[in-house]
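Report on the structure given below.
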Amino acid sequence: MSDHGDPAYDNTHPKPILAAIQTAQTPNRPTLPEDVSQADFEYYVDALNTHISAYDFEIRSTHHQVSKERIYALVNTTSDALTQMATVHTPDEIAFVKRVLDAMFETYNTQVAEVMAVTSMQALKCARPPHGEQQRRDSGNQTQVTAPSAALTGSQAQSVLELMVQEGWFELSAKGYHSLSPRALMELHGWLVETYNDQGGEDSDEEDDEHVKIKFCAACREIVTVGQRCTDLGCGARVHNHCTRNLWRSQGGKEECPTCKKAWTEAPAVGEKAAWQGARQATNGPNGRRRRSPSDEAQSGAEEG
Amino acid sequence: MPALGRKRRAEREDEDDGSPEPATQGRRRTTQNDNPSDEDDTGYGNGNGDSDSNAEQMVKKLVRLALACEYSRLPIRRQMIREKVLGSAGRQFKPVFEQAQLQLRSVFGMEMVELPEKEKVTLAQKRGIAAKTQSQSQSKTAQSYTLVSLLPAPFQDPAILPPPSIPTQATEAQYTSLYTLLVSLVALSGDELADTKMERYLRRLGLEDHTPIPGYTKTELLLKRMEKEGYLVKVREIAGGQGEEDVSWMVGPRGKVEVGEQGVRGLVKAVYGDVDGYAEAELERRVARSLGLGDAVVARRDDIPPKKKRGPRRKNGEAEEAEVESDEED
């Protein structure tokens, strides 16, 4: 993650770093950034992973949801008591961030509109813990009870939000939507699935009961937070915008849904577009009009509030 | 409202919760009895395969613990190791520790270094020592450790090792430069800097009230953080008939290990810029004298002590204005 406006520390590209490392190793034969190849880089990554995997660390890579840029990050593959100390944020701030993630992946991620992003306003509404969230209900073996988390003030929440962007966990789009960065998606991959896809009937009569919240691209298998979806809103097929060509190619050129075979035309958007463009024409809804579900009502109600 | 119960969280009272990370079931073992006799640690007691894999697990945990602590600038306390890593296997401290050191060195290029105990300087503290038995007040075994980088000097280049993004590189760079500066000021004053002098220096640096570090914009808060992290120590001594308080600053344990003499020298050199020949020798002599090293030890030592792990010892805007002078010129 480059620090904005601080050119001295732009270390987002591996070539200069590897060149500097190799030069330090053999100063008589300095290496230039252009001498460093993708293969060199991958060699380093593989060598590192061989050694650090024993400690539950891994360098993973993924593609940016929009730009398709390949991003690498060192992630912690298990979260445990030991590494939970490694944070610059207080427990209350972390609790706030988790509520923002809930907003991203539950509140603003419905069958009609899979936004998976929140505006600042929507995020700031999470500053206070919801009513009645006293002790967390702990399942399973953990018998300890966590203290209820304190509310953050508006300005505290705002600054945590900004820090999340600066630290590289969130990305802020031109239209003001916060979404998870590639780095965050890599680090939180397992947790996202475990947390949001495990509905297990605990919810009562939410219409999202059957809705799988975290979905994967039919082409590249990575999480989709920005992309396209099947015109049938009930179908779970998703694909990144930059993966469609590969998908069609793998289907012999047929531009149809890999799951239900419906024609893949004017596919509704996944991501913030779903919020401000509205869910497009769906096979089971009035043309061009956005179907309003209870959470949509709440969403727009909140925005007007 | 979505049910939050399904998000399992391991409880943690005394530590920070993770960064947006899954709080899966913690593998934290409840500690049974703390083994009080750590001093006579033997090697692995039994030789069966079970204890070997347990030992491996413990070593891995210790490595992860050390890295996590370093991230937050927490000292790795022996107590913490016993609780979080060894659990009931308290007798295994030494072998686990040594094995972890080997792995930290070979895989991560770091090692754990003892943090010196805080010195007992005030009268009250010294009286406290006299009253207690020696084993209680100053244990011979180290109580805490910190990670230190073993990377050779050519690799300690900002192009290779920029300041870590904790939370951002810019913030980390600012913090590093400030504590390096303040530690150097204290060290060059013979490791004891009266609070009045400290305030004067801070005023010269434009830091008497506010600092540029986000989250620690009040100077008081920043100094508290430096104390908490072990860079500085604030010493309060009741002196004089009226019971007035003399406040002074000393270099804290982490300041000694992370910044150390090398860091101070580096800063002075950076501020003075390129000098050679006679001027360089003269500067070295003055630095050595200020650090209380005596004229005999002027040349840079070749047995390079562990280097500071974080970031380059760069000066930034603030440091350039610092005048690192001895007391007479104050």
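The values are calculated or read from the model by the stated rules, or taken from the named source; none is laboratory data. What you are looking at is a predicted structure, and each value in this text was computed from that prediction instead of being measured. Cβ atoms come from the backbone with ideal geometry, glycine included; neighbour counts cover every protein chain shown. Protein only, heavy atoms only, side chains kept; ligands, DNA and RNA dropped before computing areas. Shrake-Rupley method; radii C 1.70, N 1.55, O 1.52, S 1.80 Å.
Structural remarks
- Between chain B and chain A, the total buried accessible area stands at approximately 6000 Å², from heavy atoms with a 1.4 Å probe.
- In this Cβ point-charge picture (+1 for Lys and Arg, -1 for Asp and Glu), segment A:212-274 has a dipole of about 160 debye about its Cα centre.
- Distant-in-sequence amide H partners of residue B:235 (H built 1.01 Å from N, under 5 Å): B:248, B:249, B:250
- For segment A:228-242, 3J(HN,Hα) per residue [Karplus equation, 6.51 cos²θ - 1.76 cosθ + 1.60, θ = phi - 60°, Hz, x = Gly/Pro]: 10, 9, 4, 5, 7, 5, x, 8, x, 6, 9, 8, 5, 4, 7
- Evaluating 6.51 cos²θ - 1.76 cosθ + 1.60 at θ = phi - 60° for every residue in segment B:111-119, the Karplus couplings come out as 8, 8, 10, 5, 8, x, 5, 5, 6 Hz, glycine and proline recorded as x.
- Heavy-atom accessible area, probed at 1.4 angstrom with all protein chains present, ranks B:205, B:221 as B:221, B:205, highest first.
- Here segment A:10-76 is treated as a sphere whose radius is the Kirkwood value from Cα pairs; by Stokes-Einstein at 4 °C and 1.567 mPa s it diffuses with a coefficient of 98 µm²/s.
- Per-residue SASA entry for residue A:116, accessible area with 1.4 Å probe, Å² rounded to 10: 10 Å²
- Summarising the amide proton neighbourhood of residue A:238: residues at separation of 5 or more, or on other chains, whose placed amide H is nearer than 5 Å comprise A:218.
- Residues with amide H under 5 Å from that of residue A:256, placed H, sequence gap 5 or more: A:264
- Going by accessible surface with a 1.4 Å probe and the largest first, B:179, B:216, B:278 read B:278, B:216, B:179.
- Listed residue pairs exceeding 24 Å between alpha carbons, taken from B:84/B:256; A:68/A:125; A:215/A:262; A:125/A:175; B:120/B:224: B:84/B:256; A:68/A:125
- Think of each Lys and Arg Cβ as +1 and each Asp and Glu Cβ as -1; about the Cα centre, that makes the dipole of segment A:10-76 roughly 80 debye.
- Converting phi to 3J(HN,Hα) with the Karplus coefficients 6.51, -1.76 and 1.60 and the offset θ = phi - 60°, segment B:93-98 yields 3, 4, x, 5, 4, 5 Hz in sequence order, with x at every glycine or proline.
- With DNA, RNA and ligands ignored, accessible area of residue B:76 (1.4 Å probe; Å², nearest 10): 0 Å²
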